[in-house]
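Heads up, the thing below is written out as structure tokens.
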Amino acid sequence: MASSVSRRVLTGITTTGTPHLGNYVGSIRAAVRASREPGVQSFYFLADYHALIKCDEPARIQRSTLEIAASWLAAGLDPEQVTFYRQSDIPEIPELTWLLTCVTGKGLLNRAHAYKAMLDKNAATGADPDSDVTAGLFMYPVLMAADILMFKAHQVPVGRDQIQHIEMARDIASSFNHLYGELLTLPEALIDDNVALLPGLDGRKMSKSYDNTIALFGPREQLRRQIMSIVTDSRAPGEPKDTEGSALYQIYRAFADDAEAAQFARAFADGIAWGEAKQRLFERIDAEIGPMRERYQHLMSHPAEVEALLRRGADKARALATPLMRELRQAVGLRALDTQVAAPRGRDSARTGLPSFKQYREQDGRFYFKLTGAGGQVLLQSRGFESPREAGQAVKRLQSEGEHALGALAEWLEPVADALAPTLTEALQALQTAQQS
Ligand code: TRP
């Protein structure tokens, strides 16, 4: 399915830390590249409401917001091409959070990994189960769902630890749609297995919590110093060295093309001295990062420029959020009292964004139908029927029996891709509900 008609991709970065080289290789670089692809509408935002959940140091949140914004911009994110904004500049997000809160089962949130990890920790130490659990932590997935659903994102690039949150956003959106009509788009997690997991100075995964990071845009001298401190084995100059298991080599690999990496591997086999290898790594990273560092430093010393860019991003974002929020308020019944109170929710599929069946005749003279989702994607495609009546009967059956009709009609339908099956099920349920109301 290569239909690339403006795929909306959205991701957020919690503003509690300073980006390091691992963040650059693991997410920033790929995201900036992806944002330049044609047919993609990208949304990147600074998740500062999320930061409040785990950080109560105001200065740190402000500082981190500036550092992350400056890092992404310095790495080449083009705010003209993407929508780059700060979560807390969009009042529609907490507003949507509340609407979603009211359709989210407490049981769903009970299952969230981050919350459960806290309960486990408290159980292990014998503390009260709710000790240190704020309602913010508990509600984290709902706020995140609002971030995603507000902009009708199709895909959300995240690390594996966030997959559950995306699934919850889908569940929450389905509950909402089920009650109020197909207004929200169900998102999918986008996991990039190709991005390098960068090892840190000590060879473990580079992570703030291991205190083994290499600063992304620190002073050039700091980069050199940190690279010189990467742990290596004790082989002397002239002795052949292993690339496998070498953090130094793996970091190099994340910056080099294939030819450069092969050359570096040859130098290892030829017994390059560790000091020399580190110098080459430093030069390679600095060749990529150096030009960005200047822009970073400029932005860090001109926060008003960053502020202005984010404000403009917020305007762009709100141009989408405001009308959707108006629609959602209307849908749930938060309405002006002098508007017509009648007509609960209509069946007009154009208005409610319901999936719809289309019947048509092909060149071969046979009669077909397809089911198109609210987002325009083809969810179901029939084979050719002899008569329009037969095609119509199959459609009727799907409308009244929903997914239960799929088995009986199997030989008349093209197989459905696994990835599409859940969306199809939801579409059929929505149609059934619409029929019954
Ligand atoms: N929870 C995400 C993280 O910690 C950050 C985030 C907040 C996010 N809202 C989001 C990511 C919406 C993707 C989409 O990494």
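The values are calculated or read from the model by the stated rules, or taken from the named source; none is laboratory data. The shown structure was predicted, so the numbers you read here are calculated from the model rather than taken from an experiment. Note that we place each Cβ from the backbone using ideal geometry, even for glycine, and neighbour counts take in every protein chain shown.
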Per the list (1) touching an Asp or Glu at 6+ places or on another chain (Cβ under 8 Å); (2) within 16 Å of the ligand (Cβ to nearest atom), residue check on ASP48 breaks on (1)
The residue that is nearest to LEU328 (Cα to Cα), considering only those in the stretch 166-209 that are of a type in the set (D, E, K, R) and part of a loop (DSSP other than H, G, I, E, B), is GLU182
On the given criteria, is ARG111 farther than 30 Å from PRO129 by Cα, more than 14 Å from the ligand (Cβ to nearest atom) and surrounded by fewer than 22 Cβ atoms within 10 Å (Cβ to Cβ)?
-> no
Just checking, how many residues over the stretch 373-389 are part of a helix (DSSP H, G or I) and surrounded by 15 or more Cβ atoms within 10 Å (Cβ to Cβ)?
-> 1
Answer yes or no as to whether SER35 is of a type in the set (Gly, Ala, Ser), buried (at least 20 other Cβ atoms within 10 Å of the Cβ) and modelled with pLDDT under 95.
-> yes
If you check PHE268, PHE255, which single one turns out to be at negative phi and not in a helix (DSSP H, G or I)?
-> PHE255
With respect to LEU10, determine if the residue is within 16 Å of the ligand (Cβ to nearest atom), at pLDDT 95 or above and either among the acidic types (Asp, Glu) or at negative phi (or both).
-> yes
Filtered residues of the stretch 59-96 (kept if farther than 21 Å from GLU307 by Cβ and buried (at least 21 other Cβ atoms within 10 Å of the Cβ)) = LEU96
Filter the stretch 194-225 for residues that are touching a Gly at 6+ places or on another chain (Cβ under 8 Å) and of a type in the set (S, T, N, Q); the one that is surrounded by the fewest Cβ atoms within 10 Å (Cβ to Cβ) is SER207
In the stretch 158-165, is there at least one residue being in contact with a His (Cβ under 8 Å, 6 or more places away or on another chain), under 22 Å from LEU52 (Cβ atoms) and in a loop (DSSP other than H, G, I, E, B)?
-> yes
With respect to ASP171, is the statement that it is without any contact (Cβ under 8 Å) to a residue 40 or more places away in the chain and more than 13 Å from the ligand (Cβ to nearest atom) true?
-> no
